[in-house]
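Engineer: I'd like to ask some things about the structure below.
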Amino acid sequence: MLGILFSSLPHIFIGAMITSIIMDKNKDSSKKKILMLVFCSVVVLSPDALKILGFSSSHALWLCPILGIFFSFLYAFLIKKENSFMDWIKFSIIIIIGHLFIDYIGNGARLLYPFVKEEFIFSIISKLDFVFIVFLAIFLITVFIYPKKKESVLVCLIFITMYFSFLTLSKIQLEYSLKEKYKSEDIALLISYPNDSLHWGYQLRTTNLIVTGESPVFSKEINVETKREIN
């Protein structure tokens, strides 16, 4: 249970960051801000809640605007105001970026289900990416104590973009190096994935070999853990 909660933190923190950008107002009280962040945490985790209930399309893109409409009406009811088109757009964005995008760069998501049943994935963060979670937690605290919210949000976005860009380049470099190393073989499968915040894991299959290993995120070193010939 603790592991599930911890792995949900990137969704919650990204949802909170988006909320602070597009919905939060500086004049709101701390209590109202907290209530808004709690509500948006429910919004951003709604695809997983539907998945637990057995709804197979919970992570599909087509469902996001439907969930956005539902939460915009619920939000309007709770704060006793007229439902608005912009609230619908905002809640849809929170779900798309805060949940589906994080899953896409994490453990994958069936974005086009049921039309395409395969998962889309470009895995650069693990479920328990300590660096990412700690950074987002620091940002969330900063939003509450630092009056110049726009500046703190901008700094956070810059750092997140730099972090994702670095991980993307590191992953591409690893896969390129593996292809060069085994270019004489007929590569049938090559996947890389984050083992933790500091290491990539990889699996490479050719017509003759199955190779697994790891590589440091901050280094070009490639370590082979297992190498098995296929008879």
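Engineer: With r as the distance between the Cβ atoms of L74 and T161 and R0 = 22 Å, compute the FRET efficiency 1/(1 + (r/R0)^6) and round to 0.05. Could the numbers behind the result be given before it?
Structural biologist: On the way: r = 32 Å, r/R0 = 1.44.
Using R0 = 22 Å, I get an efficiency of 0.10.
Engineer: Moving on to the next point. Could you tell me which GluC sites (Glu not before Pro) in segment 122-202 are loop residues by DSSP with no more than 16 other beta carbons within 10 angstrom of their beta carbon? Each step should come with its number before you reach the end.
Structural biologist: Values: sites: E151, E175, E180, E185; in loops: E185.
Here the GluC sites (Glu not before Pro) that fit, given the DSSP loop and packing criteria, are E185.
Engineer: While we're here: How would you rank 164-172, 67-75, 112-120, highest first, on the average number of other Cβ atoms within 10 Å across their residues? Don't skip to the answer; put the middle values down first.
Structural biologist: Details: 164-172: 15.1, 67-75: 18.7, 112-120: 12.7.
Those peptides, ordered most packed to least, come out 67-75, 164-172, 112-120.
Engineer: Extending each Cα 7 Å along its Cβ direction at H199 and E185, get the distance between those two points in nm, one decimal.
Structural biologist: Result for the modelled spin labels: 2.0 nm.
Engineer: Now a separate question. I want to check the label-to-label distance for E151 and A137. Put each point 7 Å from Cα in the C-beta direction and report it in nm to one decimal.
Structural biologist: Modelled inter-label distance: 2.6 nm.
Engineer: Now for a separate question. About the Cα centre of the chain, what is the dipole size in debye to 20, counting +1 per Lys and Arg Cβ and -1 per Asp and Glu Cβ, all else neutral?
Structural biologist: On the way: 23 positive and 19 negative charges, 174 e Å.
For this selection, approximately 840 debye.
Engineer: With a 1.4 Å probe and every protein chain left in place, work out the accessible area per residue of the chain in Å², rounded to a whole number.
Structural biologist: On the way: 13440 Å² over 231 residues.
Value for the chain: 58 Å² per residue.
Engineer: Please calculate the 1.4 Å probe accessible area of M17, with all protein chains present, and give it to the nearest 10 Å².
Structural biologist: 10
Engineer: Let me ask another. Out of [x] 41; [y] 45; [z] 53, which label holds the value of percent of Cα pairs over 24 Å apart that was computed here?
Structural biologist: Evaluating percent of Cα pairs over 24 Å apart on these atoms matches [z].
The values are calculated or read from the model by the stated rules, or taken from the named source; none is laboratory data. Since the model is a prediction, treat every value here as computed from it, not as a measurement. Ideal geometry is used to build each Cβ from the backbone, glycine not excepted, and the neighbour counts take in all protein chains shown. Just so you know, the surface numbers come from the protein's heavy atoms only, side chains and all, with ligands and any DNA or RNA stripped out. Shrake-Rupley method; radii C 1.70, N 1.55, O 1.52, S 1.80 Å.
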